[in-house]
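The values are calculated or read from the model by the stated rules, or taken from the named source; none is laboratory data. Bear in mind the structure is a predicted one, so any value in this text is a computation, not a measurement. Backbone-built Cβ (ideal geometry, glycine too); neighbour counts: all protein chains shown. Ligands, DNA and RNA are stripped out before the accessible areas are found, and what is left, the full protein with its side chains, is counted by its heavy atoms. Shrake-Rupley method; radii C 1.70, N 1.55, O 1.52, S 1.80 Å.
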Amino acid sequence: MMRTELRIPSDLKFLAVIEDWLLGALRLELGDWGEWPKWESRLRLVIVEAYSNVVRHAHQDRPQTPVCLRLELTPERLHIEVWDQGQGFDLSTYLLPTPDLRQEGGYGWMILNRLMDKVEYQVKVQGQGNCLRLEAHLPVDQRSPSLSLPRTP
């Protein structure tokens, strides 16, 4: 298992740092896997969408407010948490974008749900803020020697 965490200001100028942190850590573990390039593109879009939403909506005009990103990788799954200190988003008000309405917002939630196997959002979790949890199940053929469980004879 691999775990790492990053606390970073709420400013889009740090977007490249976040991409490097997430993708760099995962590349060390999954880089030899044949499907890694596809997953890398997918996860780049996921982390950019999640972080930029915090900066633009949750922490708007408060660049000093930190965002906490957590990554956990096991042989079976990839788990990302994005913690913010904003007011929180009421998912019951979310409207799925439709082509005929030509709405400008709302695509991020749809994108996250299409790219990840599980997406959850909780407001005011144990006094720590709001948490977006993203999970993807890794295919059985994913090979990462450093993550492999010990084999029993």
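List of remarks:
- Of everything in the stretch 51-77 that is within 12 Å of the chain's Cα centre (by Cα) and surrounded by fewer than 18 Cβ atoms within 10 Å (Cβ to Cβ), the residue that is farthest from D90 (Cα to Cα) is E72.
- Filtered residue count, the stretch 118-153, keeping only those that are open to solvent by 80 Å² or more (accessible area, probe 1.4 Å), modelled with pLDDT of 80 or more and under 19 Å from P37 (Cα atoms): 1
- Selection count where residues are open to solvent by 60 Å² or more (accessible area, probe 1.4 Å) and of a type in the set (D, E), scope the stretch 78-91: 1
- Residue count, the stretch 34-78 (criterion: part of a helix (DSSP H, G or I) and β-branched (V, I, T)): 5
- The stretch 9-33, subset part of a loop (DSSP other than H, G, I, E, B) and touching a residue at least 40 places away in the same chain (Cβ under 8 Å), residue surrounded by the most Cβ atoms within 10 Å (Cβ to Cβ): S10
- Within the stretch 61-75, the residues that satisfy the criterion of being closer than 22 Å to I8 by Cα and touching a residue at least 12 places away in the same chain (Cβ under 8 Å) are R62, P63, Q64, T65, P66, V67, C68, L69, R70, L71, E72, L73.
- Selection within the stretch 34-49 - of a type in the set (K, R) and touching a residue at least 12 places away in the same chain (Cβ under 8 Å): R42, R44
- For V46, the criteria (1) under 14 Å from H79 (Cα atoms); (2) among the β-branched types (V, I, T); (3) surrounded by fewer than 16 Cβ atoms within 10 Å (Cβ to Cβ) hold in every case but one, which is (3).
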